[in-house]
Amino acid sequence: MQHPVAVLAGGTGGLGRQVATRLAHRGFCIATTYLVPDEAEEVEQLLGLPEERLLLRRVDCTESEAVDAFMSAVAETFGPINVLASLVGRWAGGRDVADTDNARFERMIDLNLRTAFFAARAAIPHMRKANWGRIILVGSRAAVETPAGQAAYNIAKAGIIALAGSIARETGDEGVTANAVLPSYIDTPAFRSAIPYADYVDWPTPDEIAAVIDFLASEDSGVINGVALPVYGHV
């Protein structure tokens, strides 16, 4: 039987590696973008997949043409795309609305919203051909609680919720669902470095959040569509 196909936009980070591992164990072909070659090599070794089930490609996911080309390459290599997990993102705070410069605003929109929009837009036609698809986007608790001092990030992540809802209503009768998961903190080295004096005990791990994404990527999740799902842990 043909292996199902999962595309991970930004699949070499802490969360992406866990998502890739879970989906690979379920028999998926894995196609993931990366920017740092060392991270790609680490993921390749971690997954241990044969060449016919793994595609790693350096892609700037803020560039729509590059994303379109990557999706086409995945479909040509593996066949119809079944799952998209859009995992690209970055946090930057320290600015109220009145103090947010254009560069910071555009950077947050680029990394957290445009990447997801470009990936979903490119994947949907391939999923429609398969008459089945699962799109999982990563939003943030900040999208619904909007902390002060990080307006650009809050706005970008709120857009993720709107994007998932829009896709859900446009493709739900075609077997394609779209949902957003909303982490708060994730227990990764990057978060610990950014908040060095925090209590990490109750922070969810990347694998715990990956387990939710794995379920949303499954056949059994078909009744969940257009949802913004909190994955806060006990924080």
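The values are calculated or read from the model by the stated rules, or taken from the named source; none is laboratory data. Quick caveat: nothing in here was measured; it's all calculated off a predicted structure. Virtual Cβ from ideal backbone geometry, glycine too; neighbours counted across all protein chains shown.
Only one of (1) at pLDDT below 95; (2) out of contact with any helix residue (DSSP H, G or I) (no Cβ under 7 Å at 6 or more places or on another chain); (3) buried (at least 16 other Cβ atoms within 10 Å of the Cβ); (4) not small (G, A, S) is not met by Y185, so which one is it? (2) is the only condition that Y185 fails. The residue of region 87-117 that is surrounded by the fewest Cβ atoms within 10 Å (Cβ to Cβ), among those that are among the hydrophobic types (A, V, I, L, M, F, W, C), touching a residue at least 24 places away in the same chain (Cβ under 8 Å) and outside any loop (DSSP other than H, G, I, E, B), is V97.
Taken as a whole, the condition of being of a type in the set (D, E, K, R) and under 18 Å from A122 (Cα atoms) does not apply to E44.
For region 45-63, a residue qualifies if it is buried (at least 16 other Cβ atoms within 10 Å of the Cβ) and assigned to a helix (DSSP H, G or I), and the qualifying residues are L47, R53. The set of residues from region 13-35 being touching a helix residue (DSSP H, G or I) at 6+ places or on another chain (Cβ under 9 Å), modelled with pLDDT of 95 or more and not in a helix (DSSP H, G or I) comprises R26, G27, F28, C29, I30, A31, T32, T33, Y34.
Residues checked against (1) of a type in the set (F, W, Y); (2) surrounded by 15 or more Cβ atoms within 10 Å (Cβ to Cβ); (3) in contact with a His (Cβ under 7 Å, 6 or more places away or on another chain); (4) over 27 Å from A103 (Cα atoms):
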{"position": "Q150", "(1), (2), (3), (4)": "no, yes, no, no"}
{"position": "E170", "(1), (2), (3), (4)": "no, no, no, yes"}
{"position": "Y200", "(1), (2), (3), (4)": "yes, no, no, yes"}
{"position": "L216", "(1), (2), (3), (4)": "no, yes, no, yes"}
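Against the definition (over 25 Å from P206 (Cβ atoms) and within 15 Å of the chain's Cα centre (by Cα)), how does R121 come out, yes or no? Yes. Within region 180-204, the set of residues being touching a residue at least 24 places away in the same chain (Cβ under 8 Å) and assigned to a loop (DSSP other than H, G, I, E, B) comprises S184, Y185, I186, T188, D202, W203, P204.
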